[in-house]
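Q: For reference, the structure I am asking about is given below.
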Amino acid sequence: MPPELKGLQHIGLKVRDIEASLKFYTEVMGFHVNEHLRYDPPRNIYAAQNFISCTGYHHVINLSMLTPENQPDSAAPVENSRNSPTLGLHHMAFEIENKEVFEEWEAHILANGIEFTGGPVVHSPTHPDGDGLWGENRAMYFSDPDGNSIELFCDMGIVENGIFDAEQHAARIKSDGYDPKDVDLPTVTL
């Protein structure tokens, strides 16, 4: 058995327009730029890179803009990488604190004129508001300017040895205004 992983630390994205991507990630998502590199002459196939973060780490996302000759054809990028049949990024997920912050993010995304590609939704087969899917969490999905799918989530179910934490599940159900004794604890398929 390998050592335990701490969690997702960063992802790299190849982008068409680094300025549009920076605007999206800084103004909409609240990231900050820690390092901005322009390559003249180009470095490999890249014209520029930006290292951005929403934590204390140097970067959580590395944005790399391809040189003009290495850009894909002029066709628009996919609208939602989760629904694209091409290989590459499916989505990136960022955890947020709780339902109240989730609702603030929902309003923020809409105020920025960004359309949801999924949700807001409660992923759950047992929650009264659930969509029948796994995860036991709230989620919303939208895309960046290059169609990379982003998930914001909270209240992820805690599972140990294939069993959901009953106390955490009950607290979540109760905070949503339901009686926990009326809602079954979900099960894990192993």
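Q: I need the full set of residues from the stretch 139-154 which are among the hydrophobic types (A, V, I, L, M, F, W, C), touching a residue at least 60 places away in the same chain (Cβ under 8 Å) and in contact with a Lys or Arg (Cβ under 7 Å, 6 or more places away or on another chain), in order please.
A: PHE153
Q: Okay, next question. Among the acidic types (Asp, Glu), outside the structural domain of VAL15 (by TED's automatic domain parsing), loosely packed, with under 12 Cβ neighbours inside 10 Å and under 28 Å from SER21 (Cα atoms): does that describe GLU97?
A: Values: among the acidic types (Asp, Glu): yes; outside the structural domain of VAL15 (by TED's automatic domain parsing): yes; loosely packed, with under 12 Cβ neighbours inside 10 Å: yes; under 28 Å from SER21 (Cα atoms): yes.
Against the criterion (among the acidic types (Asp, Glu), outside the structural domain of VAL15 (by TED's automatic domain parsing), loosely packed, with under 12 Cβ neighbours inside 10 Å and under 28 Å from SER21 (Cα atoms)), GLU97 qualifies.
Q: Considering only residues that are under 21 Å from SER149 (Cα atoms), more than 15 Å from the chain's Cα centre (by Cα) and surrounded by fewer than 20 Cβ atoms within 10 Å (Cβ to Cβ), which ones fall in the stretch 119-131?
A: ASP131
Q: Still on this structure: Please enumerate the residues belonging to the stretch 48-96 that are within 21 Å of MET140 (Cα to Cα) and in contact with a Lys or Arg (Cβ under 7 Å, 6 or more places away or on another chain).
A: Selection gives PRO77, HIS90, HIS91.
Q: Looking at LEU89, LEU152, which one is in a strand (DSSP E or B), outside the structural domain of ILE61 (by TED's automatic domain parsing) and of a type in the set (A, V, I, L, M)?
A: Among LEU89, LEU152, only LEU152 is in a strand (DSSP E or B), outside the structural domain of ILE61 (by TED's automatic domain parsing) and of a type in the set (A, V, I, L, M).
Q: Mind listing whichever residues of the stretch 60-75 are assigned to a loop (DSSP other than H, G, I, E, B) and in contact (Cβ under 8 Å) with a residue 40 or more places away in the chain?
A: Those that are assigned to a loop (DSSP other than H, G, I, E, B) and in contact (Cβ under 8 Å) with a residue 40 or more places away in the chain: VAL60, GLN71, PRO72.
Q: Sticking with this one: Out of everything in the stretch 155-181 that is part of a helix (DSSP H, G or I) and free of Cβ contacts under 8 Å to residues at least 24 places away in the same chain, what residue ends up being farthest from TYR25 (Cα to Cα)?
A: LYS181
Q: I've got another one for you. Residues that are assigned to a strand (DSSP E or B), over 21 Å from ILE114 (Cα atoms) and in contact with a Lys or Arg (Cβ under 8 Å, 6 or more places away or on another chain): does the stretch 8-30 have at least one?
A: no
Q: Then there is this: Mind telling me which of the residues HIS10, HIS108, HIS58 ends up being surrounded by fewer than 17 Cβ atoms within 10 Å (Cβ to Cβ) and touching a helix residue (DSSP H, G or I) at 6+ places or on another chain (Cβ under 9 Å)?
A: Matching residue, one of HIS10, HIS108, HIS58: HIS108.
The values are calculated or read from the model by the stated rules, or taken from the named source; none is laboratory data. What you see is a predicted model, and the numbers here were worked out from it, not measured in a lab. FYI the Cβ positions are ideal-geometry reconstructions off the backbone, even for glycines, and counts take in every protein chain you see.
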